[in-house]
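**Student:** The structure is given below, and queries will be raised subsequently.
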Amino acid sequence: MTKITIAKGDGIGPEIMDATLAVLKAAGANLEFEEIQVGEKVYLSGNTSGIPKEAWDAIKTNKIFLKAPITTPQGGGYKSLNVTMRKTLGLFANVRPCVSYHPFVNTKHPVMDMVIIRENEEDLYAGIEHQQTEDVVQCLKLTSVSGSERIIRYAFEFARAHNRKKVTCFSKDNILKQTDGLFRRIFNEVAKEYPDLENEHWIIDIGSAKIANKPEQFDVVVMQNLYGDIVSDIAAEISGSVGLGGSSNIGESVAMFEAIHGSAPDIAGKNIANPSGLLNAAVMMLYHVGEPKTAAMIHNAWLKTLEEGLHTADIYSENLSKKRLGTKEFAEAVIANLGKLPNKLKAKDESQLSSVEVPIVRFKASKKKELLGVDVFVDAQVKPNEIGEKLIQASGNTQLKLEMITNRGVKVFPDGFEETFCTNHWRCRFKEANGKIITMSEVIELLNALHTANIDIIKTENLYQFDGVKAFSLGQGQ
Ligand code: NAD
């Protein structure tokens with residue numbers, strides 16, 4: 001008997017969880033359930049993390065977690081508990097299969113069977129945001145060698161284990177040369193170790209357009225966190241409904257299974273939500289815990305139910321559906337089909353691999369790190385030339401010289417364009433005049449001089465080279 005943690009979540013969460021548990025129990029899954037409280041009720045009780053300590057303890061002890069969606073307050077307020085859980089528990093790989101069920105569920109894309117593997121811990125989802133001038137807010141995009149390598153290796157291992165043919169990488173490395181550039185370089189390196197699998201890269205914008213238009217061209221697709229979040233919702237929706245997709249979040253010791261969609265407050269409490277996303281997540285969980293027989297039985301009964309035209313409202317259509325069922329009644333229909341196989345849709349079998357090994361990170365970080373300068377960020381309501389001249393004067397007696405100033409990334413000093421719109425947020429790049437290696441003392445000396453001249457320093461970013469390769473972006477127009 002495997003003891004798993006469950007959370008019924010918010011919105012439609014309790015309804016779809018009850019439906020899923022009813023199917024799991026009827027199928028004789030060898031599971032024991034420990035329920036925890038997380039989400040809205042916990043936030044509103046005054047616990048700003050949305051999760052009490054006992055809940056963390058249960059998740060860490062049981063190691064397998066089936067979670068219904070949780071409502072995240074938008075804009076301000078509480079941090080997303082979903083993101084916190086994925087990161088705190090080291091659930092680095094978010095696996096999201098997006099499959100169409102033609103001709104039983106309406107879809108623009110009859111041939112669609114792709115798996116999106118989304119990096120789950122890094123990128124803008126570090127959630128490190130600041131406001132340091134009146135006009136501008138910022139967010140740090142963090143990408144690591146180790147995090148990128150692990151998710152990319154996982155994507156290749158997943159593809160191999162599931163007899164897939166191709167792994168595609170999406171990035172925006174033409175613009176984000178450091179962060180996305182790193183992700184793509186690692187993809188190219190790792191791909192060499194899997195000559196049995198095809199590999200390709202698309203820039204995220206055209207890649208996403210291709211998924212929307214010709215998803216049949218894709219097999220396993222790996223991408224960073226924010227891109228994966230967006231693209232996987234699109235892929236799930238165009239397959240038929242976002243309500244169909246299940247996903248797993250895989251870590252070294254803990255794994256969490258959930259629907260792709262959110263808590264759908266607009267339809268909560270009406271017994272109309274489609275429980276399929278969470279049910280499919282539960283099927284992934286059963287494979288993961290080594291119950292492939294039960295996993296296949298539930299999935300095949302679910303396929304059979306779709307084939308019979310017994311559909312929830314989100315996928316109901318006059319021409320394809322026979323009956324519009326509520327959440328509970330849909331689960332009962334699946335239960336009635338346990339033991340049956342679909343006639344046309346591809347049945348799952350017991351031989352599907354239980355889980356993919358978490359890959360070991362092998363790439364070594366670069367050895368020699370040298371400081372070349374500093375970007376000093378300044379808040380000032382001035383013209384570019386004024387700030388440029390003030391900085392040159394203020395830094396006159398220091399070792400570091402002003403090389404350029406950018407505003408929102410574009411060079412505005414020296415030789416800026418009058419047409420360029422400027423905010424009050426300036427990046428001012430200082431280096432040793434002859435490009436020599438410097439020390440932190442020289443940076444501190446510069447900062448002291450600027451501070452003494454009443455310059456409003458809001459933050460600094462050091463400019464390094466690693467093994468002789470410069471590790472910072474140029475200004476646009478530099
Ligand atoms: P959503 O996925 O909850 O809903 C989007 C649309 O899809 C809605 O019209 C909804 O009715 C429909 N829909 C979603 N799931 C459905 C289902 N099972 N059956 C039928 N229709 C379904 O997205 P949203 O409205 O942007 O987000 C609502 C809340 O969920 C937000 O607080 C968000 O932060 C949260 N959220 C949580 C998770 C998670 O827990 N993993 C994921 C995404 C969003």
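**Student:** Taking the range 17-49 on its own, how many of its residues are among the polar types (S, T, N, Q), open to solvent by 10 Å² or more (accessible area, probe 1.4 Å) and within 12 Å of the ligand (Cβ to nearest atom)? Give the steps one after another, and end with the answer.
**Tutor:** Residues of the range 17-49 that are among the polar types (S, T, N, Q), as a first pass: 20, 30, 37, 45, 47-49.
When the remaining residues are screened for being open to solvent by 10 Å² or more (accessible area, probe 1.4 Å), the result is 30, 37, 45, 47-49.
Subset that is within 12 Å of the ligand (Cβ to nearest atom): none.
Of the residues in that region, 0 qualify.
**Student:** In the set Ser351, Ser366, which member is without any contact (Cβ under 8 Å) to a residue 60 or more places away in the chain and open to solvent by 40 Å² or more (accessible area, probe 1.4 Å)?
**Tutor:** Working: Ser366 fails: without any contact (Cβ under 8 Å) to a residue 60 or more places away in the chain.
Matching residue, one of Ser351, Ser366: Ser351.
**Student:** Regarding the range 324-331, can at least one residue be identified that is surrounded by fewer than 19 Cβ atoms within 10 Å (Cβ to Cβ) and over 32 Å from the mean Cα position of the chain (by Cα)?
**Tutor:** Just the residues of the range 324-331 that are surrounded by fewer than 19 Cβ atoms within 10 Å (Cβ to Cβ), to begin with: 324, 326, 328-329.
From the residues that got through so far, the ones that are over 32 Å from the mean Cα position of the chain (by Cα) too are 324, 329.
Yes, that holds for at least one residue.
**Student:** So, in the range 246-256, of the ones that are of a type in the set (S, T, N, Q) and open to solvent by less than 10 Å² (accessible area, probe 1.4 Å), which residue ends up farthest from the ligand (Cβ to nearest atom)? Quick ask: steps written out before the conclusion?
**Tutor:** So the first thing to find is which residues in the range 246-256 are of a type in the set (S, T, N, Q), and the list is 247-249, 253.
Those left that are additionally open to solvent by less than 10 Å² (accessible area, probe 1.4 Å): 247-249.
Details: Ser247: 8, Ser248: 12, Asn249: 9 Å.
Looking at residues that are of a type in the set (S, T, N, Q) and open to solvent by less than 10 Å² (accessible area, probe 1.4 Å), I get Ser248.
**Student:** Tell me which residues, restricted to the range 188-209, are open to solvent by 60 Å² or more (accessible area, probe 1.4 Å) and either within 16 Å of the ligand (Cβ to nearest atom) or not hydrophobic (A, V, I, L, M, F, W, C) (or both).
**Tutor:** From the range 188-209, those open to solvent by 60 Å² or more (accessible area, probe 1.4 Å) are 188-189, 192-193, 195-196, 198-199, 202, 205-206; that's our starting set.
Asn188, Glu189, Lys192, Glu193, Pro195, Asp196, Glu198, Asn199, Asp205 - these are the residues of the range 188-209 that are open to solvent by 60 Å² or more (accessible area, probe 1.4 Å) and either within 16 Å of the ligand (Cβ to nearest atom) or not hydrophobic (A, V, I, L, M, F, W, C) (or both).
**Student:** If you don't mind, there's one more thing I want to ask. Quick one: which strands (runs of 3 or more DSSP E) lie wholly within the range 369-478 and hold at least 3 residues that are open to solvent by 50 Å² or more (accessible area, probe 1.4 Å)? Lay out the reasoning, then the answer.
**Tutor:** Details: elements: 369-379, 400-407, 410-413, 425-432, 457-466.
Correct list: 457-466.
**Student:** Among the residues of the range 1-16 satisfying the criterion of being of a type outside the set (A, V, I, L, M) and more than 7 Å from the ligand (Cβ to nearest atom), which is nearest to Glu35 (Cα to Cα)?
**Tutor:** Taking the range 1-16 first, the residues of a type outside the set (A, V, I, L, M) are 2-3, 5, 8-11, 13-15.
If we keep only those that are more than 7 Å from the ligand (Cβ to nearest atom) as well, we get 2-3, 5, 8, 10, 13-15.
Values: Thr2: 14, Lys3: 11, Thr5: 6, Lys8: 8, Asp10: 14, Gly13: 13, Pro14: 12, Glu15: 15 Å.
Taking the candidates together, the pick is Thr5.
**Student:** Being β-branched (Val, Ile, Thr) and surrounded by fewer than 21 Cβ atoms within 10 Å (Cβ to Cβ) is the filter here, so list the residues in the range 270-288 that pass it. Break it down into steps so the answer makes sense when it comes.
**Tutor:** Restricting attention to the range 270-288, the residues satisfying the condition of being β-branched (Val, Ile, Thr) are 272, 283.
Within the range 270-288, Ile272 is the sole residue that qualifies.
Yes/no per residue for (1) among the hydroxyl-bearing types (Ser, Thr, Tyr); (2) modelled with pLDDT of 95 or more; (3) under 30 Å from Tyr316 (Cβ atoms):
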position: His201; (1), (2), (3): no, yes, no
position: Ala209; (1), (2), (3): no, yes, yes
position: Gln217; (1), (2), (3): no, yes, yes
position: Gly240; (1), (2), (3): no, no, yes
position: Val254; (1), (2), (3): no, yes, no
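**Student:** Tally up the residues in the range 50-80 that are modelled with pLDDT of 85 or more and either in contact with a Ser or Thr (Cβ under 7 Å, 6 or more places away or on another chain) or open to solvent by 90 Å² or more (accessible area, probe 1.4 Å) (or both), please.
**Tutor:** 13
**Student:** Within the range 412-433, can one find any residue that is modelled with pLDDT under 95 and under 25 Å from Leu182 (Cβ atoms)?
**Tutor:** Checked the range 412-433: no residue is modelled with pLDDT under 95 and under 25 Å from Leu182 (Cβ atoms).
**Student:** Within the range 54-74, can one find any residue that is away from the ligand (no atom under 15 Å from the Cβ), over 20 Å from the mean Cα position of the chain (by Cα) and under 30 Å from Lys344 (Cα atoms)?
**Tutor:** Taking every residue of the range 54-74 in turn, none turns out to be away from the ligand (no atom under 15 Å from the Cβ), over 20 Å from the mean Cα position of the chain (by Cα) and under 30 Å from Lys344 (Cα atoms).
**Student:** Pick from Asp10, Asp18: which is out of contact with any His (no Cβ under 9 Å at 6 or more places or on another chain) and part of a helix (DSSP H, G or I)?
**Tutor:** On the way: Asp10 fails: part of a helix (DSSP H, G or I).
After ruling out the rest, the residue left standing is Asp18.
**Student:** OK, next. Is it true that some residue in the range 229-247 is touching a residue at least 40 places away in the same chain (Cβ under 8 Å) and over 20 Å from Arg118 (Cα atoms)?
**Tutor:** Yes, the conditions are met somewhere in the range 229-247.
**Student:** Residues of the range 210-237 being among the β-branched types (Val, Ile, Thr), within 16 Å of the ligand (Cβ to nearest atom) and touching a Cys at 6+ places or on another chain (Cβ under 8 Å), which ones? First the steps, then the outcome.
**Tutor:** As a first pass, look at the range 210-237 and keep what is among the β-branched types (Val, Ile, Thr): 211, 220-222, 230-231, 234.
Okay, now just the ones that are also within 16 Å of the ligand (Cβ to nearest atom), so 230-231, 234.
If the condition is that a residue be among the β-branched types (Val, Ile, Thr), within 16 Å of the ligand (Cβ to nearest atom) and touching a Cys at 6+ places or on another chain (Cβ under 8 Å), then no residue fits.
**Student:** Would you mention how many residues in the range 192-212 are more than 19 Å from the chain's Cα centre (by Cα) and closer than 12 Å to Val222 by Cα?
**Tutor:** 2
**Student:** Could you tell me whether any residue of the range 335-344 is over 30 Å from Ile117 (Cα atoms), open to solvent by less than 70 Å² (accessible area, probe 1.4 Å), polar (S, T, N, Q) and at pLDDT 95 or above?
**Tutor:** Looking for residues that are over 30 Å from Ile117 (Cα atoms), open to solvent by less than 70 Å² (accessible area, probe 1.4 Å), polar (S, T, N, Q) and at pLDDT 95 or above, one finds at least one in the range 335-344, hence yes.
The values are calculated or read from the model by the stated rules, or taken from the named source; none is laboratory data. Worth saying up front: this structure is predicted, and the values here are computed from it rather than measured. Glycine gets a Cβ as well: all are built from the backbone with ideal geometry, and neighbour counts include every protein chain shown. Only protein heavy atoms, including side chains, enter the accessible area calculation; ligands, DNA and RNA are left aside. Shrake-Rupley method; radii C 1.70, N 1.55, O 1.52, S 1.80 Å.
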